[in-house]
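This report concerns only the one structure given below.
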Amino acid sequence: MQKLTLIDTHTGGEPTRVLFDMTLPKEIVTVSQRRDWLREQADWIRCSILHEPRGSESMVGAMVGPPANARNQLSVVFFNNTGYLGMCGHGLLGVIEAMRYREGWTTGSYVVETVAGDVRVVLHDDRTASFENVRSDCYRTGVSVEITNGESTRETVTGDIAYGGNWFFLTPVEQVNFAELESLTCRSLRIRDALQREGITGRDGAQIDHIELYAPLDDSASAERGGRNFVLCPGGHYDRSPCGTGTSAKLACLAAEGTLAPGEAWIQESVVGSRFVGTYQRDGDGVRATITGRAHVMAETVCIFDPEDPYRFGIAHCTATSES
Ligand code: PYC
């Protein structure tokens, strides 16, 4: 019976399933080749571990493997319920915690290859970890789109487009409350649809597949600089974590508008209340963001693929396969 070994982690409430022990053909060396192989030859892995009945829409998957460059320590391909991600901040923190748990990684510095680029990671004594993300930048400011609320009310929504390892449209809202999840999701979906309808993209036509709604931190008396965010992910679910790539995109926007100084700490709080701390250094007209957070290992799982189970590769995959 075919089996796959996973370590389940969560980072600020957002789960990551870390896949170990994958043996790929020898000619596949770089992390992009690993992503392409997974997408083209073995997409059933993504579907079967992230789709129901084994997975759930909020899960991100991470396939770890050897680095292409012998000076680095690891390569990681990230994926979600709809496809493959260049980089994933909460997912990377989950992978690092899984490496500490399973491979005995200790306090210190490591370099991880991702499809978006190499990322330096530091494990701290207090079991938090930091990563210096790939270069982030604020691509366009003051971009307006028209959304329709309910039956007929039209509203113009204005925001910034930024890259933080994934593409984001960031726009303010009055509050980001857990009790308002449904309306935050609805608003974000409308914005995403409007961006697509109006042909508004990131650089080189890249699809803007993450929407970030932001509001001030609840505790306005606090001296901390920061904000609370709701992030809609490509599969239509919200990020339970503060979103590492979203925090990087936010820091790029703050740097571009001159409201946060290099090295100054920014607290990014998620809609469930979990926190990352971010800082940045300038990198040309963009920034290098460093994000700190903590992940936890939750389970070691052996997935079993029973040939008699019609849904062993996930419901969506089985449906797509039987329809094609
Ligand atoms: O933490 O970068 C992140 C992320 C992207 C999508 C879900 N989480």
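Residue by residue, here is whether (1) assigned to a strand (DSSP E or B); (2) within 16 Å of the ligand (Cβ to nearest atom); (3) within 18 Å of the chain's Cα centre (by Cα) holds:
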residue: SER144; (1), (2), (3): yes, no, no
residue: ARG154; (1), (2), (3): yes, no, no
residue: GLY159; (1), (2), (3): yes, no, no
residue: ALA162; (1), (2), (3): yes, yes, yes
residue: PHE168; (1), (2), (3): yes, yes, yes
residue: GLN175; (1), (2), (3): no, no, no
residue: ALA179; (1), (2), (3): no, no, no
residue: THR185; (1), (2), (3): no, yes, yes
residue: ASP193; (1), (2), (3): no, no, no
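If you go through the range 86-117, how many residues are within 16 Å of the ligand (Cβ to nearest atom) and more than 19 Å from VAL297 (Cβ to Cβ)? Even if it seems obvious, please write down each step before you answer.
We begin by selecting, within the range 86-117, every residue within 16 Å of the ligand (Cβ to nearest atom); these are 86-98, 112, 114-117.
Applying the additional criterion that residues be more than 19 Å from VAL297 (Cβ to Cβ) yields 86-87, 114-117.
So the answer is 6.
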Worksheet item: What is the number of the single condition among (1) in contact (Cβ under 8 Å) with a residue 24 or more places away in the chain; (2) surrounded by fewer than 16 Cβ atoms within 10 Å (Cβ to Cβ); (3) over 15 Å from the mean Cα position of the chain (by Cα) that GLY55 does not meet?
Response: (2)
Worksheet, complete the sentence: Within the range 261-315, restricting to residues that are in contact (Cβ under 8 Å) with a residue 60 or more places away in the chain and of a type in the set (Lys, Arg), the one that is nearest to VAL18 (Cα to Cα) is ARG294
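Go through the range 92-113 and give me each residue that's closer than 11 Å to VAL64 by Cβ and surrounded by 20 or more Cβ atoms within 10 Å (Cβ to Cβ).
LEU92, GLY94, VAL95, ILE96, ALA98, MET99, VAL112, GLU113
Quick one: would you say ILE208 is among the β-branched types (Val, Ile, Thr), at negative phi, at pLDDT 95 or above and within 16 Å of the ligand (Cβ to nearest atom)? Before you say what the answer is, go through the steps one by one.
Values: among the β-branched types (Val, Ile, Thr): yes; at negative phi: yes; at pLDDT 95 or above: yes; within 16 Å of the ligand (Cβ to nearest atom): yes.
So ILE208 fits the description; yes.
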Worksheet item: If you take the residues of the range 223-244 that are crowded, with 24+ Cβ neighbours inside 10 Å and part of a loop (DSSP other than H, G, I, E, B), which of them is farthest from the ligand (Cβ to nearest atom)?
Response: PRO242
Practice prompt. Evaluate the following for ASP219: is it part of a loop (DSSP other than H, G, I, E, B) and either closer than 29 Å to GLY65 by Cα or touching a residue at least 60 places away in the same chain (Cβ under 8 Å) (or both)?
Written response: no
Discussion item. Any residue that is assigned to a helix (DSSP H, G or I) and within 14 Å of the ligand (Cβ to nearest atom) - is there at least one of those in the range 56-76?
Written reply: no
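The values are calculated or read from the model by the stated rules, or taken from the named source; none is laboratory data. Predicted, not measured: the structure shown is a model, and the values here were computed from it. Cβ: placed from backbone, ideal geometry, glycine included. Neighbour counts: every protein chain shown.
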